[in-house]
1. 7 Å from Cα along Cα→Cβ at both E:Arg112 and A:Leu29: what's the point-to-point distance in nm?
2. Kindly work out what percent of the DSSP beta bridges joining two residues of the protein assembly as shown are antiparallel, to the nearest 5.
3. Helix-only mean residue ellipticity at 222 nm, the protein assembly as shown, DSSP H runs n ≥ 4 weighted -39,500 (n - 2.57), per residue, nearest 500. What is it?
4. Structure shown: which of D:Lys11/D:Lys104; A:Lys68/A:Lys134; A:Lys15/A:Lys257 lie over 28 Å apart, alpha-carbon to alpha-carbon?
5. Pairs A:Lys99/A:Lys281; A:Lys170/A:Lys225; D:Lys167/E:Lys42: which are spaced more than 24 Å apart, C-alpha to C-alpha?
6. Under unit Cβ charges (Lys, Arg +1; Asp, Glu -1), what dipole magnitude, rounded to 20 debye, does segment C:125-268 have relative to its Cα centre?
7. Name the residues whose placed amide hydrogens come within less than 5 Å of the amide hydrogen of E:Ile156, ignoring near sequence neighbours (fewer than 5 apart) on the same chain.
8. Give me, ordered by chain and number, the residues 5 or more places off A:Asp105 or on other chains with an amide H under 5 Å from its own placed amide H.
Amino acid sequence: AGGFTSTVFGGVWEKNYRAAIVDSFEKKLGVKVALKLGTASEWLTNGMVNRAKPEIDMLLLPYPDSIKAVRAGIGMPLSPDKIPNIRNVHPMWFDQFRKEAVGLDYVAYGIAYRTDLVKKPPEAWSDLWDPALKGRVTVPNIGVWGSWEMLVAAARTRGGDESNLDPGFKALRELRPNIRRFFSGSTDAMQMLDTGEVSVVAMTTNIPAYALIDSGKPVKFVFPKDGSMVGMVSYHVARNTANADLCMQFIDHALSKECQEAFCNAVIAGPTNRLARLSGKAAERVPALDQLKLFDWAKVIPQMSEITDRWNQEIAG
Amino acid sequence: MNRLLSLGMRVLTVLLYVFLLAPLAMVVVVSFNGGPVPSFPPTDLSLHWYGEALASDNFMGGLLTSLWLAAAATLVALPVGVAAAFAIARGRWPGRTLVESLFLSPLIVPGIVIGIAVLVAMAGLGIGNAPLRLLLGHALIVLPYTLRTVLAALTRMDPTLEEAGIVFGASRSQVLRHILLPQLRGAIAAGAILSFILSFDDVSVSLFLGSAQHTTLPIAIMSYMQYNFDPSIAAISAMLILATLAIALVVERVFGLKKILGS
Amino acid sequence: MTAHAAILAPDSLTVVAPARGRPPVGLLVLPGLALLVLGLFLPLGQVLWMSLNPPEPGVIAPVAELTLANYARLMRSDFYLGIVVRTLWLSALTTLLTAVFGMVLGLSVWRARPSVRGMLLVMILAPLLVSIVARTYGWVVLLGDKGALNSVLMALGLTDEPLRIMYTQPAVLIGLVHVFLPFMVLSLLGALDRIDPSLTEAAATLGASRWHVFRHVILPLSVPGLASGTIIVFSLSMSSYVTPALMGGSRSGLMTTFIYQQFSVTMNWHFGATMVAVLLAATLALLLAVVGWSRWYTRQWSLAR
Amino acid sequence: MAHVRAERLRKSHGSQLVLDDISLDIPSGQFLTLLGPSGCGKSSTLRIVAGLSSPDAGRILIDDRDVTRLEVQKRNIGMVFQSHALFPHMSVNENVAFGLRMRKVSGAEQQRRVRRALAQVRLEDFGERFPQQLSGGQQQRVAIARALVVEPSILILDEPFGALDRKLREAMQTELYGITRELGITALFVTHDQEEALMLSDSVAVMNRGRIEQVGPPAELYEKPRNRFVAEFMGLDNFVRARLEQAGPQGSVLSAFGQRFEAPASALPAGSEVEIAVRPERIRLAPQAQDTSARVCGRLTQAIYHGHASDYTVQLPDGQQLLVRQESAGQAPLSVGTEVWAHWPPLAVNILEAA
Amino acid sequence: MAHVRAERLRKSHGSQLVLDDISLDIPSGQFLTLLGPSGCGKSSTLRIVAGLSSPDAGRILIDDRDVTRLEVQKRNIGMVFQSHALFPHMSVNENVAFGLRMRKVSGAEQQRRVRRALAQVRLEDFGERFPQQLSGGQQQRVAIARALVVEPSILILDEPFGALDRKLREAMQTELYGITRELGITALFVTHDQEEALMLSDSVAVMNRGRIEQVGPPAELYEKPRNRFVAEFMGLDNFVRARLEQAGPQGSVLSAFGQRFEAPASALPAGSEVEIAVRPERIRLAPQAQDTSARVCGRLTQAIYHGHASDYTVQLPDGQQLLVRQESAGQAPLSVGTEVWAHWPPLAVNILEAA
Ligand SMILES: Nc1ncnc2c1ncn2[C@@H]1O[C@H](COP(=O)(O)OP(=O)(O)OP(=O)(O)O)[C@@H](O)[C@H]1O
Ligand SMILES: Nc1ncnc2c1ncn2[C@@H]1O[C@H](COP(=O)(O)OP(=O)(O)OP(=O)(O)O)[C@@H](O)[C@H]1O
Ligand SMILES: NCCCCNCCCN
Ligand SMILES: [Mg+2]
Ligand SMILES: [Mg+2]
């Protein structure tokens, strides 16, 4: 029996991913799917370094590494011929990757806060600037999931957008008095929220926040009125892999209605397959597509170096 | 005055031990939480998260990988580092000071850069063997410790003992084996222990050098924490502390730790 | 090594050894050097070379075209120069505190009865056994706004507002000193264990107080260990990443923070390599000074005869 | 000036009893020497008096004050360690100056006294050297200078002249004698050299296996050793069992070697079995019997040349051996194998309690 | 069995010339002793012969083979270091067995020989101890046992008995004498004890400041020291300038102390200015002048008690001092301040070249 190597996030995510998608695939085809833990940037680096002889046959990447991978030409073109389920995927989850990758699921970024420590619950991004939150907010550090989204969201509150981020920088500079610290990951953020070091986590996905909520902590998670930012992970099949067919079979399997429902209901995420239906908690906690605010990553990525510099100096410095 | 000073010293010493151990004690306490998130003081006492940690393939596989990797890296770096320490302490060649400093560069270069550089270089050579890659990276980052600890001890070693060895017919390798190494035992053990622990603890270098089949425990932990915020990490840490304590106790009983870490 | 010291060079192994075509002991450096050169310097050289290439995020291969643009960017930026200074300062402070506390702990082990010595060592090594993430949680529980320390302080009425310790520069210092102490203690013990106890006794008979015995006998004789510990701790501080990231506040970024950023976020390896080059050069220069000084200081009594 | 007393010291290392009820009394300004075989506990005693180790039982009194737990540095002692214990990281000057620095003596005064102390040990020109660059004897002399320079009230010396040749040793002894007497230093001295002990000391304590066998002024130990151990240690030899035939204050009569002969007075009752001893140098050898009170005939079995004297072994008919030291005095040495007569004057006989 | 020669050794430490043209010849199985003041270069010479340091010039020959650069471990040496150099991490047994292990002697044989060697140094019961648990003299004896046990062809001993009391020292000397003679070991020995040197050696070399002053059989050095340095080192004293009035093979006549007196034969021509010396123990003191060839009158200025002898200083009218050693021989010691006559026999006078 053959097999191939892909990537996976850890913890409950991996558990649900295996249960909903990988195990059934392995059983069905009698193959082994090796999943590499680690970080997205490392997977991407590995893909780039080993472009000629890939170690990772299929990368599962989040924003923004997925877009970087596309720009670097890491993945091979995908098509409904080999992956029939792509036909059921909303085109925006395929087209934004230039058809060289396809989305698995989406999550929404919102605000998590302590109900006991916050007098006026935040409802919109703009509420983060409330002087009552002085020194009580944490924001993702640049490079951390949610940081780019934070910048774009901030820009939008002041009339800017992804190609005009100046207002975003200005807004975040003004947010500084409220920022206790820039967090370096969701655990870091949730830890601060749980211990009361901060009252508000400005930009986090729903999964970690609901972990606190479900364990009875006085925490709430809201999708801001002015629209949730979106997180998405996508499949990229390495260009020179010898296992391309198997990878594509796997993607097709992952995009199937059954897998999508099983997986998204478990992790509380939105399916990319339009036929899939959420139920239970997932139905309540995942915003509909029209509540999402997307933006053009392709415009942000070329600016990243400059953005980072500015962030370091103007916001974090 | 003198009495005050020595009382002050005693208090400071105790405070320092408290400082070293307090956060770890907290971790151990937190690990007994039954609930899904860590809280202090623990909500309901339970060994639940110990069970979870022990049942995880990632953690247990990572533990194995980390153990062999730390052992192998130490085994590679130890002789090499000890030999270099001898060359530097006992040789008379130009540029020793510079070379001695260069041996520290694995400490200075951030782990991510070491990881990436080794990854790129080995890919360039067409070597995709993750264990080999990990071993190289880890041997590099622990090399400075094996060198330094032995070098410091060698500086103050009485050379007449070596001379006595030679006089009584020991070859150079016998002097090494019977006289120098036993006396450097403490320093070598210290270097080995540091090496092992550091290799075991490394995240940055391993991140770029591992593979799906060869993931170290710290990487498994780090990945776990991307989505989870529960006391299983505390449980793992507590188990590591307890396991180490147990090993130390056994070693103490069987060999006497002071013999290994003593002069 | 000064010329003077070279003349006094002890005739130990080294001088005796070259008899009849014996390879000199200096050759023993070769395996280590080979590992270092092949495993690190050549790979790293390739990366450092990129610091001389025109910056282009996403490009990960060195090219022939050379420029000093990356260095110019760094040198012209008050921000990045400030980071270099801040990193050096924090590392120096960490090293100093570690040295002082490490000496206190080292002496406590050195003076301990053999039966308790092992346990003290295990306690000292303990911080290394706990993953940094878990350790940070421990610190939050202790030092956080609602942590144990603040609870005590507020209960005692020593302060009304909780002290903000976590996520500040001092928190980074606390975290670094905590994990690096074991390195310092082990290095120091290596030297302390080689001090003949009769030397401290001799000093005491000559009227030296405990402090003077320490100052004039123990401290100078532990210079080799102190130098070793200083070197290790300083290097580790300069390249520390996780502790500042998890325990620091919004302004605690160190050089490594930004190096990580360039390598993994912006993928601007060129600028990242530039910072690595500067980090390496600054640290090596300082260490060269420490190594040289320690060798000069001990030249008269290390190995003589 | 310090009156030093050790009272009933006891010390064990593990299961080995190293000191077993040691008491010493050194009046202020006096010089007491510990004499005894290797490993008998001399250094251990010194260390306890110095305060470097604490006794399992017993106490140390200085001027009637119990100092058993007083810190070493408060005792104003100077000490020469058997292993020298020079500071390897200090030059000779710095080593010698150390005690003065600790006493906050001014720089100029320090220099002056260091120079003088180094002159006393004949090392004027070695101030800049480091201990490793010195010969064994030079190191030992630095250790002596370091202890003397502080002009301590108590001086403790553990075989301070062991590595010195005779001339230097004598010069150092003279210096030491002068300094201690002049400054009224109380001194506790260890040596394995009986002559040195007798010459320097006000009193001598002979130790054996952690106990004191006898303590007293040098002449007393030399002339009236209490038992065979002390006698041997004082250089007596030729121990022979004898019977005290007559005893009295004017002299006594012994029987040994199958004959009777005169001996000095003894306090032991007539009829006792005793042990007698004669110093090898008090016996004269001659080819013919001469008319002295005691004489035996034997065969010369060994002759060892010693410079100003030769040591002979004389085998007696009953199997006993006599050791005889004869001054060379210009004569040709006697040759092995010849028959000789050994003679000794009555006063040369020491009468000891039988062991 | 090894014939050891050192040829024109020269060695400097920095600017200090430590050995200046040292040559030695030790025929196979012979025992040569280096005697000389502290710091004269004895240990340095030993280290070069052992191969532990290399000379700046000159060479070492063993059985006519140049071994100057030969590895030490091939020389089959036993050595006692002045600093003992015991291995701190090995027990006494292991220390002593070390050389045997290196020579791949079987385990049982090792045990047997170690036991015997420890018995020779009277440390049977100390095999399990570690060096730190031994007294100074015990450590030294372990070092001796370690060197003897390998039955080396060359034995190098650097003050091996320095820390031992006289009895033990004599016993060890006897052992050493026996072992070297029995096994035909070539021995190079350093001591600061003239008697020891004279007693053990086939020949003695007296060193001074890195040079050899005189080398020869013990009696020769003792009887005919070449110059004042050697003479002093051999225990001569009372050096006085004199004029050789008559010289001849039967005896000579000297003038000194303002008088003429007889002396032994001298090879120097009549009329020479010479230096004479008389051993302190060859001079007799008496309250009255006696009829011997030489006598001077003076006042007793110092008396030091030594046990079997006392040392007196006699101040002569012309300001010179005589050092006199008198055997105590039971008499009461003379008292300081009295007027005495010093007498010596003609043969007691040594005639040396004037310095
Ligand atoms: N490493 C060194 N550097 C400088 N001088 C040295 C060194 N080693 C020895 N010396 C000098 O060389 C001379 C001879 O030393 P050596 O040890 O041979 O003397 P020695 O005759 O053995 O004296 P002792 O009887 O005191 O042991 C001494 O004056 C000593 O100071
Ligand atoms: N640390 C120790 N552990 C066990 N025994 C010891 C220790 N130190 C000394 N001893 C023993 O105590 C006894 C007395 O030792 P000490 O050093 O007082 O002897 P000493 O009279 O000074 O002998 P020397 O003349 O040989 O120096 C010796 O038998 C020695 O072996
Ligand atoms: N330069 C990278 C070396 C990595 C060492 N990590 C130290 C972590 C201490 N817990
Ligand atoms: Mg002793
Ligand atoms: Mg010497």
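1. 7.7
2. Numbers: 146 of 196 bridges.
Within the protein assembly as shown, antiparallel bridges account for around 75 percent of the total.
3. When only DSSP H runs of four or more count, the value is -13000 deg cm²/dmol.
4. In this structure, D:Lys11/D:Lys104; A:Lys68/A:Lys134 exceed 28 Å between Cα atoms.
5. Going by Cα-Cα distance, A:Lys99/A:Lys281 fall outside the 24 Å limit.
6. So the magnitude is around 160 debye.
7. E:Gly78, E:Met79, E:Val80, E:Leu188
8. Placed amide hydrogens put A:Val233 under 5 Å from A:Asp105.
The values are calculated or read from the model by the stated rules, or taken from the named source; none is laboratory data. As the structure is a computational prediction, the values presented were derived from the model and not from experiment. All Cβ positions, even for glycine, are placed from backbone atoms using ideal geometry, and neighbour counts span all protein chains on display. We work out accessible area using only protein heavy atoms, side chains counted, and drop any ligands, DNA or RNA first. Shrake-Rupley method; radii C 1.70, N 1.55, O 1.52, S 1.80 Å.
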